[in-house]
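Please treat every number below as a calculation from the coordinates, not as lab data. Owing to the predicted nature of the structure, the values given are computational and were not obtained by experimental measurement. Please note: Cβ atoms are built from the backbone with ideal geometry, for glycine as well, and neighbour counts cover all protein chains shown.
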Amino acid sequence: MRPETAAPDRPGRPAAAARDAAAPRESPFRRHWTLRDRMVVATAAGAVVLVTRTLYATLRVRCIDPHGVIPAWRRGEHFVWATWHDGIGLLPLMVTHVEPGVRPRVVLSWHRDGEIAAQVVRRFGVAVTRGSATRGWLGAMRGLLEADARGEDLVVVPDGPKGPRHEAKEGVVQLARATRHPVVAIGIASHPGRRLRTWDRLQVPRPFARVAFVLSAPVPIARGGDVLARVQAALEETAAAAQAALERPAT
């Protein structure tokens, strides 16, 4: 991953404020937000929030946690959570339907569509740090480490922001090593629904659909061996398990 070329940001400096702000702010890597940009973001995000809130109220959600990750988290253990990009629209259900105490923070890109997504997910309890592998990764990593020190739950989308789809990148391992937390993969599936014609084939459930979350065993970040391959395998296995869970009735 290429480091950013802008000067390092520190708490209190404009770059750090923009990176972790709740509202759209100026990006040091792109042109300044114009009034039109702000209006588009606010209008689109408001509309998506309204539709999403209505849809979420109809969904039937179950979480399958065969390795006791949620009880371990409640006891104070920390993890780096990872999920594929196609399930990011359903990720807030972890807060609204599964475990209200979770304080997730995810990295989203600086561009306008990424900012719309940021404004949507924060309404459901998901905090956002701006950055990507090509624009601001070093600053995003700093923001995540600061969030970890505050006790927030770090979420990585290893195939984002532009793919290749379902191909984990090294950033998730870098973050896990920096925090010394194991990685827990989250498989997310929904049915009935459809997939958008986007690079990630984003999942969009229909009203009253069923949604399944499956949590992997923690993947330790030990020296030696191919850690990224183990994370990739955990993501693939939990995604398949979530899909399979929708094919049988809840118990």
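Summary of values
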read-out	value
Ranked packing of 82-92, 51-61, most packed first, by mean Cβ within 10 Å	82-92, 51-61
Residues A233 and V49, FRET efficiency given R0 of 35 Å [Cβ-Cβ distance, rounded to 0.05]	0.50
Those GluC sites (Glu not before Pro) in the range 195-251 that DSSP places in a loop and that have at most 16 other beta carbons within 10 Å	E247
Simple Cβ-charge dipole of the range 15-245, Lys/Arg +1 and Asp/Glu -1, about Cα centre, in debye nearest 20	620
Largest-first ellipsoid semi-axes for the range 15-245, taking √(5λ) over the Cα gyration tensor eigenvalues, angstrom	25, 23, 16
Alpha-carbon centroids, the range 139-167 and the range 71-136: separation in whole Å	8
Förster radius 41 Å - calculated FRET efficiency between A222 and A57, Cβ distance, rounded to 0.05	0.45
Inter-label distance, nm, simple model (7 Å from Cα along the C-beta direction), E170/M39	4.5
